[in-house]
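Asks: Pasting in a structure now, in structure tokens, and then I'll have a few things to ask.
The values are calculated or read from the model by the stated rules, or taken from the named source; none is laboratory data. All of these numbers come straight from a predicted model, not from anything done at the bench. Glycine gets a Cβ as well: all are built from the backbone with ideal geometry, and neighbour counts include every protein chain shown.
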Amino acid sequence: MDQSMTVYLIAGLAFISVVGVGFAFTTGGSTQTQQKRFKQVALGEVAAGSKNQTNDAAAIRRKQMQDSMKVLRDKENKRRRDVGGNSIKDKLAQAGWTIEPAVFWMLSAVLGVVVAAAAFVMGQTYPIVAAAGFVGAFGLPRWIVGMGIGARQKKFTQQFSDGIDVIVRGVKSGLPLIECLRIIADESPAPLGSEFSRVIDSIQMGATVDKALMNMYRRMPLPEVNFFAIVIGIQQQSGGNLSEALGNLSDVLRSRKMLAEKVKALSSEAKASAMIIGALPIAVMILVYLSSPSYMSILFTHPTGHFMLGVGACMMGVGIFVMKQMMKLDV
């Protein structure tokens with residue numbers, strides 16, 4: 001074999017070797033890259049699957065929570081519809097009075113006749129006498145009942161947090177809920193003790209605790225009583241630590257009471273100003289009448305004066321109502 005053929009053969013073998021080595025490195029790197037890419041894709045699919053499973057579980061929990069809240073809202077709306085509390089019988093029960101509605105209407109009619117007779121004796125005209133009789137028969141008795149309701153609810157609110165604390169301590173010591181309610185009924189002053197006595201009587205007559213507390217809410221339509229009934233109802237349906245739930249409720253009620261007292265203190269100046277503004281026209285009229293009776297008597301003897309007194313009373317009523325609404329803060 002000549003020398004030129006040897007050179008060509010060596011060059012061909014060298015080229016083949018270089019190409020083989022390059023192909024080996026290229027194929028190995030591509031395989032490693034592909035395997036790495038396959039691993040990344042697999043891990044990504046696993047992570048995406050885990051993330052999807054987590055999102056599905058969160059969506060299920062969110063749906064269950066929304067359904068539970070809807071059930072609670074529907075139950076609360078039904079409770080409020082069933083409670084009512086706008087009839088005169090319910091109003092008398094809220095005030096703590098034991099008289100029958102028929103007796104109340106009879107007393108209201110007698111009061112209206114007395115007020116109308118007093119206006120007639122004072123020499124007022126027939127429209128004023130009729131208006132006085134209407135106010136005496138329908139306005140004044142309801143106003144008195146409203147004052148009784150407000151005083152009783154205020155006293156109940158002051159005692160209610162202490163009653164819940166009694167239940168918390170009793171439950172922690174191992175007493176059942178009914179025994180804790182009986183302790184409050186026996187040892188607490190009125191109106192707290194009397195209301196829980198009615199709850200115990202209802203339970204002993206066969207009513208459920210939820211129904212007895214609903215009747216209590218009808219007699220005492222306060223947010224505190226509504227919260228208490230909701231907590232007891234939820235605990236009986238789903239279980240849980242009753243003492244902890246009622247302890248948190250007691251803290252919330254005490255915080256509400258402190259906030260209400262703070263609001264009352266901050267708004268006392270505005271209330272005093274409103275009272276002065278509302279009483280100033282009446283005080284000026286009385287003083288002018290005492291100093292110059294002939295100057296003011298035309299308001300009570302002339303039809304135009306009666307009309308002016310009526311317009312003034314209406315404007316004063318609207319002003320007092322607006323000022324009262326401006327100062328009213330619900331906590």
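Asks: Of the conditions (1) surrounded by 13 or more Cβ atoms within 10 Å (Cβ to Cβ); (2) in a loop (DSSP other than H, G, I, E, B), His306 fails just one. Which one is it?
Replies: (2)
Asks: Let me ask something else about it. With the requirement that a residue be more than 27 Å from Val322 (Cβ to Cβ) and of a type in the set (A, V, I, L, M), what does the range 264-295 give you?
Replies: Selection gives Leu290 alone.
Asks: Counting only residues that are farther than 14 Å from Val145 by Cβ and part of a helix (DSSP H, G or I), how many does the range 89-123 have?
Replies: Final tally of qualifying residues: 14.
Asks: Return the total of residues in the range 247-265 being under 24 Å from Ser173 (Cβ atoms) and either over 17 Å from the mean Cα position of the chain (by Cα) or not in a helix (DSSP H, G or I) (or both). Even if it seems obvious, please write down each step before you answer.
Replies: Let us first name the residues in the range 247-265 that are under 24 Å from Ser173 (Cβ atoms), namely 247-254.
Narrowing further to those that are either over 17 Å from the mean Cα position of the chain (by Cα) or not in a helix (DSSP H, G or I) (or both): 247.
Here the count works out to 1.
Asks: Could you tell me whether the range 299-315 includes any residue that is within 38 Å of the chain's Cα centre (by Cα) and either more than 25 Å from Gly139 (Cα to Cα) or not aliphatic (A, V, I, L, M) (or both)?
Replies: Checked the range 299-315: at least one residue is within 38 Å of the chain's Cα centre (by Cα) and either more than 25 Å from Gly139 (Cα to Cα) or not aliphatic (A, V, I, L, M) (or both).
Asks: Quickly run through the range 137-175 and pick out the residues that are hydrophobic (A, V, I, L, M, F, W, C), in contact (Cβ under 8 Å) with a residue 12 or more places away in the chain and closer than 23 Å to Ala229 by Cβ.
Replies: Hits for the range 137-175 are Ile149, Phe156, Phe160, Ile164, Val166, Ile167, Val168, Val171.
Asks: Can you tell me which of Ser161, Ser197 is modelled with pLDDT of 90 or more and polar (S, T, N, Q)?
Replies: Ser197
Asks: While we're on this one: For Gln237, which of the numbered conditions (1) at pLDDT below 85; (2) surrounded by 14 or more Cβ atoms within 10 Å (Cβ to Cβ); (3) not assigned by TED's automatic domain parsing to the domain that holds Met315 fails to hold?
Replies: Unmet for Gln237, out of (1) at pLDDT below 85; (2) surrounded by 14 or more Cβ atoms within 10 Å (Cβ to Cβ); (3) not assigned by TED's automatic domain parsing to the domain that holds Met315: (2).
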